[in-house]
Amino acid sequence: MAASSIKKMLFLFLLIPFLLGCEELYLPTYTETSEVHLTGGKWIFTDYQIVRISSISSFSIIYNDTICVNAFGEQSYVDGGILMQQHYEYTSIDRRFVKGVTIWEFDDNSNTLYINDNTNIRFPVNYPAYLKYEHTEMSIQNPLTGAVSNYTFYTDAMGANYPRILTLISPPIVSDLLLSNGMRDKAITVQIILIFTR
């Protein structure tokens, strides 16, 4: 085989991963059942990512220290485009996050989540005591509204190890765009990845 053919094949193999895209979410795979250790310390919200699932046109994300797990709205027209924002004050406390400020603490004895060191409001939380699959579900009920927030989660350490990183992935979030004719269109669908450390 000629050297130029080998170089072309090598280039093609190196190019294939880039053609497959990088929009998929990484979830680890567990080969055996592992115990979950979310208790024993405060989880501090440290970072987030927004992953594009689909959109009717290209968009860019302006990151800051705050993210809410709800649809983007409050649209306004700026510089020939549309700015869609989230409303922090109108989002329930279990769905809003500020880097370095939001704190979660789990209590397995009562299946409770405490948020921001407020022990007066107990958020019922449900997740398995043992992990067997890579897609592990967690649900959090807001006692004030009755609404339930669902996430997929994983940690950086399983079994007897004490995890230091907790990653939550939201369900797909669809944000509608209000068109000039009064109709609504599904502008974007994203998933939000929330990262806590302790």
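Just so you know, all these numbers are worked out from the coordinates, no wet-lab data involved. Source: prediction; values computed, not measured. Virtual Cβ from ideal backbone geometry, glycine too; neighbours counted across all protein chains shown.
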* To do: Taking Pro143 as meeting all but one of (1) over 30 Å from Ile62 (Cα atoms); (2) buried (at least 18 other Cβ atoms within 10 Å of the Cβ), write down the number of the exception.
  => (2)
* Residues of segment 81-123 that turn out to be touching a strand residue (DSSP E or B) at 6+ places or on another chain (Cβ under 7 Å), assigned to a strand (DSSP E or B) and loosely packed, with under 13 Cβ neighbours inside 10 Å, as a count -> 2
* Residue check for Tyr127: of a type outside the set (A, V, I, L, M) and free of Cβ contacts under 8 Å to residues at least 24 places away in the same chain -> no
* Among the residues of segment 41-70, how many are crowded, with 17+ Cβ neighbours inside 10 Å and assigned to a loop (DSSP other than H, G, I, E, B)? -> 2
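How many of the residues in segment 86-100 are under 17 Å from the mean Cα position of the chain (by Cα) and either at positive phi or not aromatic (Phe, Trp, Tyr) (or both)? Spell out the reasoning first.
Applying the first criterion (under 17 Å from the mean Cα position of the chain (by Cα)) to segment 86-100 yields 86, 88, 91-100.
Keeping just the survivors that are either at positive phi or not aromatic (Phe, Trp, Tyr) (or both) gives 86, 91-96, 98-100.
Of the residues in segment 86-100, 10 are under 17 Å from the mean Cα position of the chain (by Cα) and either at positive phi or not aromatic (Phe, Trp, Tyr) (or both).
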